[in-house]
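Chemist: Next up is a structure, given as structure tokens.
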Amino acid sequence: MDIEIKRGLAEARAMAGEHWQALLVYIGLGVVFPFLLLSSEPIFSLRNIMAIASDPWTNRVGGSITGPLYLLGIVLVIVFGAMLAAWNALLTEIREGYVSEVMYGMVAGFAYILAYVLLYMVVGLVLVLPIVLVVGYDDWARAGPLVEGARQLVSALIGSWLLARFCLVGPIMAAGGRLEPFSPYVESWRRTASAQWWLFGFFLLYGVLFGAAFGGLVAVHGIVILNNDPGSLTETMMSLLWVILLGLYFFGQLLIPAGLYRASEPGASAAEVFA
């Protein structure tokens, strides 16, 4: 079984045209709502983060860390739940409506998060533990920025390759209405085997482009904060730009794996059917 990236992108465009209303609803649930929730917590404010970084002894955010961590956990469940609900809307033959999709998405999204965290914990241990055992943690920690940079580069490359191999997990779960996330990992690994290096290059480039966009927006937002008073119109507009960028990223995270899933299926493609 082979996956053509060009065909997958064509499938994604076809689904975007066919399901644009559902996509807007789930972008609202998976991006706008979580953004508003996180905005209510001072620790997630870029202005506060910059102030603490510049003078940690003077600028502090009061309260316990438990609240922000709890809120972040809720946001993760909402985001992944919205993604699973959206994939269910995009890929099932007969839609059952928003209520059913959201209920499925929240349960399946929680299972997806647990499997995802477990996978990357195992991968992290496999990558780090041998180095720590051979070199020693203290020596490794004092190795310097060059070694740390090399470690981060290797981690990013391995992360992009794993993303390529497991990019179909969510769509496989949602298309079949599955709640169990482990067999979709096996199926995604099998489906992506023949095209893994093309997918690796694609997702690496995709990550670099969005990483540059996020970094650029952080820099622009920082300049705005340094040159404007809190609550100014310019700073408020930066929040709108963040929502737009996060919405585009969420849009791509939904449509690209869904299109690649369709491209991995035998038979006529959605792009051909709805042409």
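Here, each number is a calculation from the coordinates, and none is a lab measurement. All values reported here derive from a predicted model rather than from experimental measurement. Here the Cβ positions follow ideal geometry from the backbone for every residue, glycine too, while neighbour counts run over all protein chains shown.
Chemist: Calculate, for residue 240 and residue 98, the FRET efficiency according to 1/(1 + (r/R0)^6) with r their C-beta to C-beta distance and R0 25 Å; round to the nearest 0.05.
Modeler: Approximately 0.45, to the nearest 0.05.
Chemist: Contact order normalised by length for segment 5-273, with contacts defined as Cα pairs under 8 Å and 6 or more residues apart; what percent is it?
Modeler: Relative contact order comes out at 32 percent.
Chemist: Which peptide among 165-178, 10-23, 215-228 comes first, and what is the full order, when sorted by highest mean count of other Cβ atoms within 10 Å?
Modeler: Order by mean packing, descending: 165-178, 10-23, 215-228.
Chemist: May I ask you to compute the full-extension gain from residue 182 to residue 226, defined as 0.36 nm times their residue separation minus their alpha-carbon distance, rounded to one decimal in nm?
Modeler: Contour length minus Cα-Cα distance gives 11.2 nm.
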